[in-house]
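For reference, the structure discussed in these notes is given below.
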Amino acid sequence: MAFIKRKERSKERFSLLLLDLEEYYFEQHTVYHVTTSSAKKRKIRGSLKVCSKSIIFEPEDHVEPILKVCFCVYLIKENNVVAPYKVERGDSTFLFHLEVSSKTEDVVQTLLQLHRASCLDKLGDQTAMKYQNINVSEIPHMECEAEMVTPLVTNPGHVCITDQSLYFQPLNGYPEQVVRIELHRVKQIYKRRHGLRPLGLEVFCTENDFCSDIYLKFYKTSDRNDLYYYIATFLENHMVEHTAESYMLQWQRGHLSNYQYLLHLNNLADRSGNDLSQYPVFPWIIADYSSTELDMMNPATFRDLSKPVGALNKERLERLLSRYRDMPDPCFMYGSHYSSPGYVLFYLVRVAPEHMLCLQNGRYDNADRMFNSIGETWKNCLEGATDFKELIPDFYGNDPSFLLNCLSLDLGKRQGGSSVQDVVLPPWAADASDFLQKSQKALESQYVSEHLHEWIDLVFGFKQKGSEAVAAHNVFHPLTYEGGIDCDSIEDPNEKIAMLIQILEFGQTPTQLFTTPHPQRITPRFQSISRTSSVNTPLNDEDSSFEDLTEETRRLAWNNIAKLKLMSTHKIHKEAVTGIAVTRTASSVFTTSQDSTLKMFSRESNGLQRSMSFSNMALSSCLMLPEDKAVVCSSWDNNVYFYSIPFGRRQDTLMGHDDAISKMCWKDNQLYTASWDSTVKVWQCDSADIANNKRCQFELLAEFEHEAGVNTINLNPAGTLLVSGTKDGTATIWDTSSSVQLHQVHCHSGKIHDMAFSPDSRHVLSVGEDSCLKVIDVQTGMMISSVQADEEQRCFCWDGNTVLSGGQSGHLQVLDLLSNKVTTRIPGHSGAVTAMWMNEQCSTVITGGEDKQIIFWKLDC
């Protein structure tokens with residue numbers, strides 16, 4: 001379905017589309033048009049519309065044409081047929097007289113005023129909202145002037161916001177006396193650019209991103225902002241605010257289709273179905289319009305999404321670049337845009353003919369330049385000197401009417417003599433519906449899913465502006481970019497209108513949403529690669545089946561993670577618990593504490609078995625080595641201690657840092673230690689020696705330097721990537737094989753408490769003392785999600801979508817990252833949760849806290 005709100009065919013033929021830009025309709029009067037062109041005098045009854053630049057006569061008889069009188073007479077909708085306007089010119093007087101049935105002096109006075117008053121003067125005559133339209137029980141909060149925006153039309157009036165409703169009263173009472181929107185029905189509100197200025201506000205009472213209930217354009221940004229914040233405050237407990245990053249995470253993980261994601265991005269980038277100069281833009285996907293079958297497995301079937309349309313043809317691009325190099329400032333590569341009102345109506349002329357006539361002064365385009373064929377249009381976009389247009393969402397929707405001449409419009413005849421009818425489809429499409437279905441399938445295909453992020457970089461992302469845009473051959477006329485011109489600084493009204501027309505009709509580049517490379521989508525193919533890359537040996541069928549079973553077990557567990565039940569509580573330390581390590585059989589649990597002790601708790605006897613002390617300073621973390629032969633503990637005394645479980649004694653000590661050691665990781669006989677001395681060190685250490693009660697020969701393999709003390713580290717499942725979090729809130733991702741820094745992101749305003757990779761290694765989640773949870777894309781280093789929690793979160797486990805975290809209050813919380821909502825809070829400790837462990841099946845959790853306790857949790861499902 002096309003997103004233009006099409007006016008139903010009714011008895012009233014008048015439309016605001018008959019007005020010029022910056023022209024306003026004021027009022028109507030019942031009149032008789034008196035004709036003297038024939039021997040017999042005729043009186044035609046109708047309605048006289050008084051506008052700021054013309055008068056329009058709408059006869060009651062649909063056979064008679066609508067007359068618009070300005071400097072000439074336009075005959076419109078004769079016999080009620082939508083067709084190009086006929087023009088009759090008079091020398092000095094108009095060719096008809098009016099006999100007014102209402103008060104003649106009122107009409108005459110209005111017409112005289114039009115010569116000396118602008119539309120804004122007329123607005124000034126009505127400075128107050130007519131409060132009889134407001135429910136008496138409501139309390140008005142603010143009122144201001146604004147215009148209601150619909151495609152190609154702005155209608156001035158007054159806005160009033162009360163404690164219950166939003167009202168808009170058109171100055172002319174058209175198409176209705178007042179528009180009322182109850183605030184409790186509002187689902188979303190968005191600030192909009194209009195004419196590249198921050199003046200718009202769009203209100204939605206449904207989840208559909210392009211069927212808004214009202215789009216308002218204000219005269220002052222402050223009025224727009226005041227209204228926005230009032231509604232947002234009213235809705236803050238009822239409305240989830242989505243960001244480009246939150247939608248990105250949902251899309252990456254397959255919870256949004258490519259189509260849905262593009263719709264959301266368009267919406268966030270100020271694209272609206274009510275504004276044809278900023279209509280939603282979608283990419284050309286298919287490049288094959290000649291085959292009888294569409295091969296979705298052949299990459300040649302698809303357009304190169306890494307290039308703008310203008311760069312798809314190498315020869316044409318060379319000509320454009322040659323001109324660009326010789327062009328004085330401001331220089332640009334493309335003289336036309338990829339989205340403009342003309343291009344939108346080029347595609348939609350068969351369902352929105354009146355909009356096309358409005359845009360083109362009452363005429364359709366030349367028949368040979370109309371939207372005649374999908375294949376011809378694609379070819380022209382590849383070869384045409386000035387044609388670089390992309391597509392609109394309708395090409396991937398479910399309503400094929402824009403491809404069919406269902407209204408039997410006379411759109412002219414082509415040079416060969418054939419009339420313009422339905423759009424000619426490619427051979428692989430049986431009919432218009434089949435064309436849309438196959439286009440939808442192509443948009444959601446494996447190839448497009450793997451490459452769509454490249455097109456997003458061009459249109460919404462970091463290649464939209466600056467040096468990256470130049471390198472990507474993606475530079476358009478400066479007037480299409482926000483900030484390219486300041487219309488408010490133009491004093492001459494005619495010059496200002498001319499500039500506004502140029503901005504509105506030339507096309508506008510979307511608001512930039514991303515300033516770093518957009519991450520790639522996680523497709524099934526990539527998920528499979530990610531899983532096998534973390535395993536050293538190929539999986540046989542039995543191993544694969546076991547892995548699938550384990551994965552399904554984990555998925556079911558995380559779906560029910562909110563059903564965690566507290567099983568038992570044990571106070572075994574004198575200070576806060578700092579680390580938890582568990583044997584493979586889960587029979588023994590080891591914990592470290594700020595009381596400088598390592599404790600061994602037996603699950604079988606449900607009691608404390610051992611207590612060991614290595615230092616007079618706090619122990620900060622612990623981990624279990626393979627085969628359950630030894631526990632490694634880190635300490636604030638700068639040392640690492642190895643404790644032999646079979647022999648029950650300290651086996652070895654590693655003096656590795658110049659300040660307290662905060663966290664450790666182990667992978668394939670390599671120990672990673674993080675310290676407040678601003679380093680992470682990698683040590684070679686043979687676990688077999690430790691298991692055999694031999695002293696270990698520690699070899700320093702690598703050292704990762706930071707600008708601040710390192711508070712936490714974590715490895716991805718394959719051990720190929722390391723992430724470190726510092727006291728100043730910086731997260732750094734490292735390649736462990738080369739010791740090279742891949743990305744550095746300042747993501748928290750204070751210390752980072754905990755970090756972990758998602759199971760597929762695509763994302764990193766961090767929690768900090770700023771009470772935020774941040775998600776970083778590993779491929780690009782982009783921070784793609786930020787959630788402000790109610791309190792500081794200290795530690796967590798997650799599956800890539802759902803987070804189980806422990807907070808400052810001692811409660812556990814379950815957070816859905818895809819909706820940014822806390823779904824469950826579970827009471828637990830009486831102090832902050834400082835350590836958390838989860839088993840491989842995700843069915844058992846152990847937590848430690850500042851209350852000196854450990855708590856055992858079990859999934860109850």
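The values are calculated or read from the model by the stated rules, or taken from the named source; none is laboratory data. Remember, predicted model here, so these are calculated numbers, not experimental data. Positions of Cβ are backbone-derived with ideal geometry, glycine not excepted, and every protein chain shown enters the neighbour counts. The accessibility values were calculated without ligands, DNA or RNA, using every heavy atom of the protein model including side chains. Shrake-Rupley method; radii C 1.70, N 1.55, O 1.52, S 1.80 Å.
Could you give the alpha-carbon Rg of the stretch 614-666 over 2.2 N^0.38 Å, rounded to two decimals? Could the numbers behind the result be given before it?
Details: Rg = 10.6 Å, N = 53, 2.2 N^0.38 = 9.9 Å.
Output field value: 1.06.
Taking only the alpha carbons of the stretch 719-861, what extent do you get along each of the three principal axes, in Å, biggest first?
Computed over the stretch 719-861, the largest-to-smallest principal extents equal 41, 32, 31 Å.
Per q in 0.12, 0.18, 0.29 Å⁻¹, report the Debye log10 I(q)/I(0) for the stretch 12-64, using one uniform scatterer on each alpha carbon and no solvent.
Listed by q, the Debye log ratios stand at -0.31, -0.63, -1.13.
P(r) tail for the stretch 693-797, what percent of Cα pairs lie past 25 Å? Numbers along the way, then the final one.
Details: 1069 of 5460 pairs.
Above the 25 Å cut-off, the stretch 693-797 has 20 percent of its Cα pairs.
How many angstrom lie between the C-alpha centres of the stretch 374-397 and the stretch 760-781?
39
For the stretch 140-241, what does the alpha-carbon gyration tensor say about shape, rounded, prolate or oblate, given a ≥ b ≥ c as the root eigenvalues, a/c under 1.5 as rounded, and a/b over b/c as prolate?
Verdict is rounded for the stretch 140-241.
Can you give me the % of accessible surface on the stretch 140-241 that is carbon or sulfur? Probe 1.4 Å, all protein chains present, nothing else counted. Walk me through the intermediate numbers first.
Working: 1790 of 3910 Å².
Within the stretch 140-241, the accessible surface is 46 percent carbon and sulfur.
Accessible area per residue, 1.4 Å probe, Å², for the stretch 140-241: what's the number? Don't jump to the answer; show the numbers that get you there.
Details: 3910 Å² over 102 residues.
Per residue, the stretch 140-241 has 38 Å² of solvent-accessible surface.
Rolling a 1.4 Å sphere over the protein heavy atoms, what is the accessible area per residue of the stretch 706-788, to the nearest Å²?
On the way: 2550 Å² over 83 residues.
The answer is 31 Å² per residue.
If I take the Cα coordinates of the stretch 406-486 and project them onto the principal axes, what are the three extents in Å, biggest first?
47, 39, 23
Using only the Cα atoms of the stretch 583-696, build the gyration tensor, take square roots of its eigenvalues as a ≥ b ≥ c, and label the shape rounded, prolate or oblate: rounded if a/c is under 1.5, else prolate if a/b is larger than b/c, else oblate.
Taking the square roots of the gyration eigenvalues as a ≥ b ≥ c, the stretch 583-696 is oblate.
As a quick test, which of the pairs Lys694/Lys727; Lys751/Lys852; Lys53/Lys191; Lys681/Lys751; Lys574/Lys821 have an alpha carbon distance above 28 angstrom in this structure? Before the final figure, lay out the partial values.
On the way: Lys694/Lys727 36 Å; Lys751/Lys852 23 Å; Lys53/Lys191 31 Å; Lys681/Lys751 20 Å; Lys574/Lys821 36 Å.
Distance filter (> 28 Å) returns Lys694/Lys727; Lys53/Lys191; Lys574/Lys821.
Ordered by packing density, taken as the mean number of other Cβ atoms within 10 Å over each peptide's residues, highest first, how do 294-307, 669-682 rank? Write out the running numbers ahead of the final one.
Details: 294-307: 14.8, 669-682: 21.9.
Top of the packing list down: 669-682, 294-307.
Work through the residues other than Arg584 whose Cβ is under 12 Å from its Cβ and net out their charges, Lys, Arg +1 and Asp, Glu -1.
Values: positive: Lys629; negative: Glu627, Asp628, Glu840.
That works out to -2.
If packing is taken as the average number of other Cβ atoms within 10 Å across a peptide's residues, how do 716-728, 321-333, 371-383 rank, most packed first?
Values: 716-728: 21.5, 321-333: 11.8, 371-383: 17.1.
With the highest mean Cβ count within 10 Å placed first, the list reads 716-728, 371-383, 321-333.
Need the C-alpha centroid separation for the stretch 625-659 versus the stretch 461-504, integer Å.
The stretch 625-659 and the stretch 461-504 have Cα centres spaced 63 Å from each other.
How would you classify the stretch 363-412 from its alpha-carbon gyration tensor, with a ≥ b ≥ c the square roots of the eigenvalues: rounded for a/c under 1.5, else prolate if a/b is greater than b/c, otherwise oblate?
Values: a/c = 2.40, a/b = 1.18, b/c = 2.03.
In terms of gyration-tensor shape, oblate.
Short version: ³J(HN,Hα) in whole Hz for each residue of the stretch 466-478, in order, from phi by Karplus 6.51 cos²θ - 1.76 cosθ + 1.60 (θ = phi - 60°), x for Gly and Pro, what are they?
Each residue of the stretch 466-478 in turn: x, 5, 5, 5, 5, 5, 8, 6, 9, 10, 10, 4, x Hz.
I'd like the per residue volume of the convex hull spanned by the Cα atoms of the chain, given in cubic angstrom. The partial results should precede the final answer.
Numbers: hull volume 179.8 nm³, N = 861.
Per-residue hull volume (Cα only) is 209 Å³.
Taking only protein heavy atoms into account and a 1.4 Å probe, give the accessible area per residue of the stretch 583-696 in Å². Walk me through the intermediate numbers first.
On the way: 4580 Å² over 114 residues.
So the stretch 583-696 comes to 40 Å² accessible per residue, rounded to a whole number.
Any idea what the relative contact order of the stretch 706-788 is, in percent, if you count C-alpha pairs under 8 Å spaced at least 6 apart? Numbers along the way, then the final one.
Values: 215 pairs, mean separation 18.4, N = 83.
Dividing the mean separation by the residue count of the stretch 706-788 yields 22 percent.
Tell me the angle of helix 221-235 to the major Cα principal axis of the chain, expressed in degrees between 0 and 90 and rounded to the nearest ten.
That works out to roughly 50 degrees.
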